[in-house]
């Protein structure tokens with residue numbers, strides 16, 4: 001029997017895979033999308049996989065339940081308290097400016113991809129939006145012959161030296177997709193199928209976009225059609241002999257009234273009525289360059305108070321506001337959600353499943369909302385699918401989406 005080779009990355013052990021290990025992060029995939037698509041017959045490849053020894057369960061994602069924190073948790077195998085990425089957007093304590101947290105300078109832990117690449121593996125990392133490419137590609141030299149990293153958003157502009165592949169759109173034979181489209185995600189998945197067949201990476205990460213999930217509820221015609229496209233790519237990956245783990249960064253919940261208008265707690269308005277909160281500053285970590293489909297309305301906010309202000313009376317008032325789920329001070333929030341304290345405000349607020357959080361009505365452009373608001377960020381969007389084409393191979397108690405690579409690389413002896 002061949003002795004297993006293991007890697008230790010961020011104090012966690014990973015087997016060296018004996019066949020290609022593929023993790024799919026299906027952005028915004030509330031478990032109900034999978035259930036509805038299976039029930040409708042839209043995912044025959046997945047149904048066949050589950051009938052032949054596959055495993056379907058659920059896991060918890062990292063908090064806040066946003067894209068960047070969870071993708072980096074999956075990529076590093078650890079929570080935000082260790083890798084440092086705790087939102088898409090934050091208040092940089094070094095400058096006092098509100099900035100995107102999409103630069104390598106904010107990343108505090110090596111990725112699993114970089115660890116395996118340094119050990120000689122071939123690694124492919126494909127993302128839907130370019131905002132994640134730099135972070136997920138940290139430590140990969142795509143000018144070598146062992147790393148490929150690109151986004152579907154910039155597929156037509158990829159180069160051999162920067163991305164490991166020249167003109168990915170022409171290579172795949174699909175036009176560079178629109179960023180606000182389901183095709184953005186399908187490009188990633190079908191590029192993965194072709195890379196698996198032609199390039200045989202040891203590790204491949206495929207991270208999609210949640211455009212469809214923000215627009216369409218589980219079981220809708222549009223959602224099931226998208227899931228059918230996902231299933232087609234999944235079938236290709238399974239046929240290619242990969243060990244596949246399908247999970248998500250976060251779920252998605254309807255956050256609107258019965259008439260379709262957004263159901264929002266605007267925190268600036270609430271804080272204006274609290275004398276102790278004078279001068280408070282609200283940061284919404286869901287904010288990124290792609291807000292047309294959610295208007296920067298999510299379910300997680302952090303509040304910075306003026307220096308020396310006791311957060312207790314502010315917290316007490318916020319806890320009484322309908323639609324608010326949890327209100328915690330910095331210390332309690334970082335303990336409960338595994339967050340880095342220096343990148344979190346004095347107060348953390350989450351909202352209930354049917355409610356979103358905003359700053360003030362005039363600070364949110366909702367003209368792009370051509371469907372009732374669906375969004376994420378809180379505890380109610382933390383539960384995600386966790387599906388494997390075989391046994392899990394990891395402990396099922398308190399399964400996390402960032403256990404994906406331990407499961408994907410597991411060698412059974």
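Could you list, in sequence order, the residues of region 212-224 that are assigned to a helix (DSSP H, G or I) and surrounded by 16 or more Cβ atoms within 10 Å (Cβ to Cβ)? Full working, then the answer.
The initial filter retains those residues of region 212-224 that are assigned to a helix (DSSP H, G or I), namely 212-215, 221-224.
Listed by number, the residues that qualify are 212, 213, 214, 215, 223, 224.
Could you figure out which of (1) buried (at least 23 other Cβ atoms within 10 Å of the Cβ); (2) touching a strand residue (DSSP E or B) at 6+ places or on another chain (Cβ under 7 Å); (3) under 20 Å from residue 27 (Cα atoms) isn't true of residue 168?
It is condition (3) that residue 168 fails.
Tally time: how many residues in region 198-211 are buried (at least 23 other Cβ atoms within 10 Å of the Cβ), touching a helix residue (DSSP H, G or I) at 6+ places or on another chain (Cβ under 7 Å) and assigned to a loop (DSSP other than H, G, I, E, B)? Reasoning before the result, please.
Residues of region 198-211 buried (at least 23 other Cβ atoms within 10 Å of the Cβ): 201, 203-211.
Still in the running and touching a helix residue (DSSP H, G or I) at 6+ places or on another chain (Cβ under 7 Å): 201, 203-209, 211.
From the residues that got through so far, the ones that are assigned to a loop (DSSP other than H, G, I, E, B) too are 201, 208-209.
Within region 198-211, residues that are buried (at least 23 other Cβ atoms within 10 Å of the Cβ), touching a helix residue (DSSP H, G or I) at 6+ places or on another chain (Cβ under 7 Å) and assigned to a loop (DSSP other than H, G, I, E, B) number 3.
Please determine whether any residue of region 338-352 is in contact with a helix residue (DSSP H, G or I) (Cβ under 9 Å, 6 or more places away or on another chain), farther than 18 Å from residue 90 by Cα and in contact (Cβ under 8 Å) with a residue 12 or more places away in the chain.
Within region 338-352, the subset in contact with a helix residue (DSSP H, G or I) (Cβ under 9 Å, 6 or more places away or on another chain) is 338-341, 343-352.
Now restrict to residues that are farther than 18 Å from residue 90 by Cα: 351-352.
Adding the requirement that they be in contact (Cβ under 8 Å) with a residue 12 or more places away in the chain leaves 351-352.
Yes: region 338-352 contains one or more residues that are in contact with a helix residue (DSSP H, G or I) (Cβ under 9 Å, 6 or more places away or on another chain), farther than 18 Å from residue 90 by Cα and in contact (Cβ under 8 Å) with a residue 12 or more places away in the chain.
Quick check, is residue 181 surrounded by fewer than 18 Cβ atoms within 10 Å (Cβ to Cβ) and either in contact with a strand residue (DSSP E or B) (Cβ under 9 Å, 6 or more places away or on another chain) or assigned to a loop (DSSP other than H, G, I, E, B) (or both)? Please lay out each step first, then the result.
Values: surrounded by fewer than 18 Cβ atoms within 10 Å (Cβ to Cβ): yes; either in contact with a strand residue (DSSP E or B) (Cβ under 9 Å, 6 or more places away or on another chain) or assigned to a loop (DSSP other than H, G, I, E, B) (or both): yes.
For residue 181, the condition - surrounded by fewer than 18 Cβ atoms within 10 Å (Cβ to Cβ) and either in contact with a strand residue (DSSP E or B) (Cβ under 9 Å, 6 or more places away or on another chain) or assigned to a loop (DSSP other than H, G, I, E, B) (or both) - is met.
Could you grab me the full set of residues in region 272-304 that are within 19 Å of residue 63 (Cβ to Cβ) and modelled with pLDDT under 90?
From region 272-304, those within 19 Å of residue 63 (Cβ to Cβ) are 282-288, 294, 296-304; that's our starting set.
Selection gives 285, 286, 287, 288, 294, 296.
With out of contact with any strand residue (DSSP E or B) (no Cβ under 9 Å at 6 or more places or on another chain), surrounded by 14 or more Cβ atoms within 10 Å (Cβ to Cβ) and either assigned by TED's automatic domain parsing to the domain that holds residue 121 or under 23 Å from residue 397 (Cα atoms) (or both) as the only criterion, which of 36, 59 stands out?
On the way: 59 fails: out of contact with any strand residue (DSSP E or B) (no Cβ under 9 Å at 6 or more places or on another chain).
Going through 36, 59 in turn, just one is out of contact with any strand residue (DSSP E or B) (no Cβ under 9 Å at 6 or more places or on another chain), surrounded by 14 or more Cβ atoms within 10 Å (Cβ to Cβ) and either assigned by TED's automatic domain parsing to the domain that holds residue 121 or under 23 Å from residue 397 (Cα atoms) (or both): 36.
So which residues in region 239-254 are touching a helix residue (DSSP H, G or I) at 6+ places or on another chain (Cβ under 6 Å) and not in a loop (DSSP other than H, G, I, E, B)?
If the condition is that a residue be touching a helix residue (DSSP H, G or I) at 6+ places or on another chain (Cβ under 6 Å) and not in a loop (DSSP other than H, G, I, E, B), then 243, 244, 245, 247, 253 are the ones that fit.
For region 339-349, check the following and say yes or no: at least one residue is surrounded by fewer than 19 Cβ atoms within 10 Å (Cβ to Cβ) and under 19 Å from residue 257 (Cα atoms).
First, pick out the residues of region 339-349 that are surrounded by fewer than 19 Cβ atoms within 10 Å (Cβ to Cβ): 340-342.
Narrowing the set further to residues that are under 19 Å from residue 257 (Cα atoms) leaves none.
No, that holds for no residue.
Does region 7-25 contain any residue that is assigned to a helix (DSSP H, G or I), free of Cβ contacts under 8 Å to residues at least 24 places away in the same chain and within 24 Å of the chain's Cα centre (by Cα)? Before you say what the answer is, go through the steps one by one.
Looking only at region 7-25, we keep the residues that are assigned to a helix (DSSP H, G or I), and these are none.
Within region 7-25 (the criterion being assigned to a helix (DSSP H, G or I), free of Cβ contacts under 8 Å to residues at least 24 places away in the same chain and within 24 Å of the chain's Cα centre (by Cα)), the answer is no, since none of the residues qualifies.
Tell me, yes or no, whether region 93-115 has at least one residue that is outside any loop (DSSP other than H, G, I, E, B) and farther than 24 Å from residue 78 by Cβ.
Applying the first criterion (outside any loop (DSSP other than H, G, I, E, B)) to region 93-115 yields 97-100, 104-106, 112-115.
From the residues that got through so far, the ones that are farther than 24 Å from residue 78 by Cβ too are 97-98.
So far as region 93-115 goes, yes, one or more of its residues are outside any loop (DSSP other than H, G, I, E, B) and farther than 24 Å from residue 78 by Cβ.
If a residue has to be at pLDDT below 90, surrounded by fewer than 19 Cβ atoms within 10 Å (Cβ to Cβ) and in contact with a strand residue (DSSP E or B) (Cβ under 9 Å, 6 or more places away or on another chain) to count, how many in region 92-121 make the cut?
Narrowing region 92-121 to residues at pLDDT below 90: 92-103.
Narrowing further to those that are surrounded by fewer than 19 Cβ atoms within 10 Å (Cβ to Cβ): 92-100, 103.
Now narrow it down to the ones that are in contact with a strand residue (DSSP E or B) (Cβ under 9 Å, 6 or more places away or on another chain): 92, 97-100.
Count: 5.
For region 381-413, give me each residue that is closer than 30 Å to residue 287 by Cβ and crowded, with 21+ Cβ neighbours inside 10 Å.
Within region 381-413, 381, 382, 384, 385, 386, 400, 401, 402, 403, 404, 405 meet the criteria.
The values are calculated or read from the model by the stated rules, or taken from the named source; none is laboratory data. Please read these numbers as outputs of a predicted model, since none were measured by experiment. Note that each Cβ is placed from the backbone with ideal geometry, even for glycine, and that neighbours are counted across all protein chains shown.
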